[in-house]
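Asker: Sharing a structure with you now.
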Amino acid sequence: MKNSKITFSTLALSLLFAAGAIAGPENKGSLSLSDTVTVGGKQLAPGKYQLEWTGTGPNVELSISSGKETVAKVPAQFITLEKPEPGSGYSINSNPGGSPTLTAIYFGGKKYELSLGEASARTATSGKGQTSN
């Protein structure tokens, strides 16, 4: 009887750790662009993109994919917020050449955002374009 309790306890503990590993921190999202924007020197056409970021701490590497193809990889800042974002969207700034550059990505209902490029310093951006994902 004692062996079955130990076996059951070990099994329960293993399942608990496995569930924690599967749940893990969220590192994926989506982005719907209504504008052509520049990201890491590459132009992204309007459309829906999948996002995935890797890294520890505030510095992450953001991969932007369209279907199974990765279209851009850029450094980003993972910024934790006090309150969840009210809606999903993104911010853009016009670079000296006049084309819009993606500076931040917002995730509706989440307490984080991703800041890209010069916006990583958490400066105010001039063109906040909220769109729903």
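Asker: Can you tell me how many residues in the stretch 35-58 are part of a loop (DSSP other than H, G, I, E, B) and touching a strand residue (DSSP E or B) at 6+ places or on another chain (Cβ under 7 Å)?
Answerer: Residues flagged as part of a loop (DSSP other than H, G, I, E, B) and touching a strand residue (DSSP E or B) at 6+ places or on another chain (Cβ under 7 Å) within the stretch 35-58 amount to 6.
Asker: Considering only residues that are touching a residue at least 40 places away in the same chain (Cβ under 8 Å), polar (S, T, N, Q) and either open to solvent by less than 80 Å² (accessible area, probe 1.4 Å) or in contact with a Gly (Cβ under 6 Å, 6 or more places away or on another chain) (or both), which ones fall in the stretch 33-55?
Answerer: Within the stretch 33-55, Ser34, Thr36, Thr38 meet the criteria.
Asker: Give the residue, chosen from Ile79, Ile64, Ile92, Ile105, that is of a type outside the set (Asp, Glu) and in contact (Cβ under 8 Å) with a residue 60 or more places away in the chain.
Answerer: Ile105
Asker: Taking the stretch 56-71, which residues are open to solvent by 60 Å² or more (accessible area, probe 1.4 Å) and under 18 Å from Glu26 (Cβ atoms)?
Answerer: Matches in the stretch 56-71: Thr56, Pro58, Asn59, Glu61.
Asker: If I filter the stretch 109-121 for residues that are modelled with pLDDT under 95 and of a type in the set (S, T, N, Q), do I get at least one hit?
Answerer: Yes, some residue in the stretch 109-121 is modelled with pLDDT under 95 and of a type in the set (S, T, N, Q).
The values are calculated or read from the model by the stated rules, or taken from the named source; none is laboratory data. The model shown is predicted, which means the values in this text are computed figures rather than measured ones. Backbone-built Cβ (ideal geometry, glycine too); neighbour counts: all protein chains shown. For accessibility, only protein heavy atoms count, side chains too; no ligands or nucleic acids. Shrake-Rupley method; radii C 1.70, N 1.55, O 1.52, S 1.80 Å.
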